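Encoded as structure tokens, the structure appears first; notes follow it.
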Amino acid sequence: MKKFILSAAIVALTTVAFAQNNDSETTPQQQTQATAAQDSSTTTPVKMEDLPEAVKTTLASEAYKAWTPTEAFLVKENGNEFYQINVTKDDEKGSVKIKADGTPAS
């Protein structure tokens, strides 16, 4: 009886180990889907002087006047395009998302 229980336990552990090994492998289609998801967003650094005039005007407006822009990026994400501008005010840091037409991006 002990041999039967021992054999059953070994078979069960081998089956579990084999099943876990097969679950961790990805198919080429799954790899392509993962790559496509990563490629849907790009961030490109932009010089402050190269920002569109509408974005510069928004940054100079009353809402952002107290904040100093430090760096800017053009972000293309899921078909949307906006500028992400990192800003500072005293010891505070933040970022602002503004579309090329100067309106806030959500």
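Could you list, in sequence order, the residues of region 57-104 that are under 16 Å from the mean Cα position of the chain (by Cα) and among the acidic types (D, E)?
Result: E77, E81.
State which residue is surrounded by the fewest Cβ atoms within 10 Å (Cβ to Cβ) when the search covers only region 47-83 and only residues that are free of Cβ contacts under 8 Å to residues at least 40 places away in the same chain, under 16 Å from P104 (Cβ atoms) and out of contact with any strand residue (DSSP E or B) (no Cβ under 8 Å at 6 or more places or on another chain).
Result: E62.
Only the coordinates and a few stated rules stand behind these numbers; no lab work does. Note that the structure is predicted; figures quoted are calculated from it, not measured. Cβ: placed from backbone, ideal geometry, glycine included. Neighbour counts: every protein chain shown.
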